[in-house]
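Written out below as structure tokens is the structure these notes cover.
The values are calculated or read from the model by the stated rules, or taken from the named source; none is laboratory data. Computed from a predicted structure; not experimentally measured. Note: ideal-geometry Cβ built from the backbone for every residue, glycine included; neighbour counts use all protein chains shown.
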Amino acid sequence: MSDAPTLIIPPEPVLSVHSSGSGRSWIWRDERLATGDGRLALAMAQRAAIPEIVARILHSRDVEVSRVASFLDPRLRDWLPDPSCIRSMDEASMRLANAVRSNETIGIFGDYDVDGACGTTILTETLRELGCTVHFHIPDRQKEGYGPNGPALEALRHQGATLLICVDCGTAATSLLDQLRKDGDIIVLDHHKPEGATLSGCIVVNPNRLDCTSGLGHLCATSVAFLALIATCRTLRLAGWFETHEEPALLRKLDLVALATICDVMPLRDLNRAFVAQGLRVMGRGERLGLATLASVAGVKETTSAMACGFGIGPRINAGGRIAQAELGVKLLLSDDAFEARALAEKLDEINRQRQTVEADILTEAYQQAEAQLEAGHAALFLHGEDWHPGVVGIVASRVRERSNRPVLVGAVQDGLIKGSARSVPGIDIGAAIIGASQSGLLLTGGGHAMAAGFSLAADKAEAFHVFLDETLSEARHRPRHDALCIDGILSLRGATAEIATQLARLGPFGTGHEEPVIAISRVRAVKTERIGRDGNTLRVILQGEDGGRLRGLVFRAGDKDYAALLEDRAMPVLHVAGQLRCEQWQGQDQLSFFILDAATI
């Protein structure tokens, strides 16, 4: 037998695009999309009455013919588990039910991001409906930092709280919570990975506990809180409580579960997919005054899409926790007064604009540091600066990650400490790396999940921390500067119709683990281009095919996109373009648009 290495021949890129205008090759998201044998997809298309391109995408994502209907219309009854499957859930629901029956005062401590805000809101709102007095606290990012702190929890106790709940935090605060437990019970509703097997002696409901076998580790903290409320209401129902008391309409609160799931970048599969699909429908009814008002102020026309949540609503709720008053988001979500809601929404919108300015000031220096570290061959990028605002380091990390295709950690240096956030790339678990660094004594605090994490360390340990990251995440060193662009289908320009866009939209909601299909359109010219938007950073394009068909294209943040130069080339070269085909409502009419993600010369 020969010991010669096997020659691996890479597959031919889609439309022969080896290096696009952004330096990427185009590949099929799944090799089954490229095969000539489409019998299964054709059978699926005929049975489900959907276009063949949609059937091919479903087949490539392992959706069986018998499951097409439930996939296109995900229902909670098909996916909702018994909450008791999560470790310590029964203990938590019993304690919450006792608090309701005893009319206790409850204190809730939530994280300052969207997941923490939504989790705090859903608990506060529901427990108040059940008759409890509820106080909540969202920590100031700069003054208090991440996670539970003694003064804040003690303040909730002084307000009369006999039960404390930590939501979207608390799993790692073992010593603090154990000290405070002597003054009353504490429940932790979280999803962050614990540093090890040791957990607080409190009631810790976290599907990512090492001893939890629920298989629900992909849930956000708001989803865990929602399941805890389902379990609590079940306990109360079995005890006959609702024979004389009104039961909360929990399904009407799925808008918060959907928003948190999307903004915390949870994988949109299984239960999460059902949560988001149903939650967006609730959101679309406009029943929550705060969300409806914020959408109006933000100019979000369509509130029933994951994109609207992730790019329109979520950042504004986050803004208060990043650079201003952390509790503004929760106050808005709880508001039932139109005047108050409008004032809060406008304040958050203003803060978000301030955040964008602060972010832009830091990005230039961060990009420079990143380029130098890439040239030096680092596996992970660890960027930090003296005058960087700690509230925007997570967003800056995301921006740099998009450019570098590396795990990125960004920190603000203050008083000899570096506090920051990390963002990762698929296949690299940054949360595990942060926990490892914490266990090695390099960090003061640290925790998170696979794609995002937070950390703090003494500034004099920065170099040692970077060495640790490079060693732990060494596999990232060999990643290409730009990942290949995954393509789900090819259309001619005339084939890119509103009907196809509508059918593709049925595959939503889209997000991590179920990305929106990327369609390649072959042989077009950009016959007209113009910069639009408040900052002139959106490129509007008229694409024309060789058969004379036309289609409107858009490029967001065009100043950061190398391929924009191809579209603005006055010579109007023949191009292949790749992006997302959508049919949206504009002034009461359907408008077909192609959101361009890349372009390549032929």
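Taking every residue in the range 16-29 that is assigned by TED's automatic domain parsing to the domain that holds residue 61 and pairing it with any residue that is at pLDDT below 95 and hydroxyl-bearing (Ser, Thr, Tyr), at least 6 positions away or on another chain, the pairs with Cβ-Cβ distances below 6 Å are 18/25. If you go through the range 52-92 and pick out every residue that is surrounded by fewer than 17 Cβ atoms within 10 Å (Cβ to Cβ) and outside any helix (DSSP H, G or I), you end up with 7. Summed over the range 413-437, residues that are more than 25 Å from the chain's Cα centre (by Cα) and either touching a residue at least 24 places away in the same chain (Cβ under 8 Å) or within 21 Å of residue 113 (Cα to Cα) (or both) total 4. For residue 280, the requirement of being in a helix (DSSP H, G or I), touching a residue at least 24 places away in the same chain (Cβ under 8 Å) and either surrounded by 15 or more Cβ atoms within 10 Å (Cβ to Cβ) or among the charged types (D, E, K, R) (or both) is met.
Quick grid of which residues meet (1) in contact with a strand residue (DSSP E or B) (Cβ under 8 Å, 6 or more places away or on another chain); (2) within 30 Å of residue 13 (Cα to Cα); (3) free of Cβ contacts under 8 Å to residues at least 40 places away in the same chain:
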site	(1), (2), (3)
380	yes, yes, no
391	no, no, no
411	yes, no, no
439	no, no, no
450	no, yes, yes
465	yes, no, no
474	no, yes, no
482	no, yes, no
490	yes, yes, no
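Give the residues of the range 452-474 that are in contact with a Gly (Cβ under 8 Å, 6 or more places away or on another chain) and either of a type outside the set (A, V, I, L, M, F, W, C) or modelled with pLDDT under 95 (or both), sorted by residue number. Those that are in contact with a Gly (Cβ under 8 Å, 6 or more places away or on another chain) and either of a type outside the set (A, V, I, L, M, F, W, C) or modelled with pLDDT under 95 (or both): 452, 453, 454, 455, 456, 460, 472. The number of residues in the range 1-22 being modelled with pLDDT of 90 or more and not hydroxyl-bearing (Ser, Thr, Tyr) comes to 6. Scanning the range 519-553 for residues that are closer than 28 Å to residue 299 by Cα and surrounded by 18 or more Cβ atoms within 10 Å (Cβ to Cβ) turns up 519, 529, 539, 541, 543, 551, 553.
Counting only residues that are surrounded by fewer than 20 Cβ atoms within 10 Å (Cβ to Cβ), outside any helix (DSSP H, G or I) and in contact (Cβ under 8 Å) with a residue 12 or more places away in the chain, the range 93-131 holds 3 of them. Restricting attention to the range 265-277, the residues that are in contact with a Pro (Cβ under 8 Å, 6 or more places away or on another chain) and outside any loop (DSSP other than H, G, I, E, B) add up to 5. Taking the residues in the range 203-217 that are in contact with a Gly (Cβ under 8 Å, 6 or more places away or on another chain) and touching a residue at least 24 places away in the same chain (Cβ under 8 Å) as candidates, determine which candidate is nearest to residue 136 (Cα to Cα). The selected residue is 204. Mind checking which residues of the range 422-451 are among the small types (Gly, Ala, Ser), part of a loop (DSSP other than H, G, I, E, B), under 17 Å from residue 381 (Cβ atoms) and at pLDDT 90 or above? Of everything in the range 422-451, just one residue is among the small types (Gly, Ala, Ser), part of a loop (DSSP other than H, G, I, E, B), under 17 Å from residue 381 (Cβ atoms) and at pLDDT 90 or above, namely 424.
Elements of the type strands (runs of 3 or more DSSP E) sitting completely within the range 146-225 and holding at least 3 residues that are among the β-branched types (Val, Ile, Thr) and surrounded by 15 or more Cβ atoms within 10 Å (Cβ to Cβ): these cover 185-189, 203-205.
Figure legend. Inter-residue proximity from the range 560-573: first residues over 15 Å from residue 537 (Cβ atoms), second residues in a loop (DSSP other than H, G, I, E, B) and small (Gly, Ala, Ser), beta-carbon distance below 9 Å, spacing 6+ or different chains. Indicated pairs: 566/20; 566/21. With the condition kept exactly as written, say whether any residue in the range 30-52 is hydrophobic (A, V, I, L, M, F, W, C), without any contact (Cβ under 8 Å) to a residue 12 or more places away in the chain and outside the structural domain of residue 390 (by TED's automatic domain parsing). Yes, that holds for at least one residue.
Just a yes or no: is a residue in the range 452-463 among the aliphatic types (A, V, I, L, M), more than 19 Å from residue 318 (Cβ to Cβ) and assigned to a strand (DSSP E or B)? Yes, the range 452-463 contains at least one residue that is among the aliphatic types (A, V, I, L, M), more than 19 Å from residue 318 (Cβ to Cβ) and assigned to a strand (DSSP E or B).
Taking the range 388-406 as the range and being touching an Asp or Glu at 6+ places or on another chain (Cβ under 9 Å) and in a loop (DSSP other than H, G, I, E, B) as the test, the residues that pass are 388, 389, 405.
Taking residues in the range 298-313 that are touching a residue at least 40 places away in the same chain (Cβ under 8 Å) and under 19 Å from residue 353 (Cβ atoms), and partners anywhere that are among the charged types (D, E, K, R) and part of a helix (DSSP H, G or I), the pairs with Cβ atoms closer than 8 Å and at least 6 places apart or on different chains are 298/316; 298/349.
Tell me, please, whether a residue that is among the polar types (S, T, N, Q), at pLDDT below 95 and either crowded, with 23+ Cβ neighbours inside 10 Å or not assigned by TED's automatic domain parsing to the domain that holds residue 470 (or both) can be found in the range 385-406. Full working, then the answer.
Here is the first cut: in the range 385-406, the residues among the polar types (S, T, N, Q) are 398, 404-405.
Keeping just the survivors that are at pLDDT below 95 gives 398, 404-405.
Adding the requirement that they be either crowded, with 23+ Cβ neighbours inside 10 Å or not assigned by TED's automatic domain parsing to the domain that holds residue 470 (or both) leaves none.
Taking every residue of the range 385-406 in turn, none turns out to be among the polar types (S, T, N, Q), at pLDDT below 95 and either crowded, with 23+ Cβ neighbours inside 10 Å or not assigned by TED's automatic domain parsing to the domain that holds residue 470 (or both).
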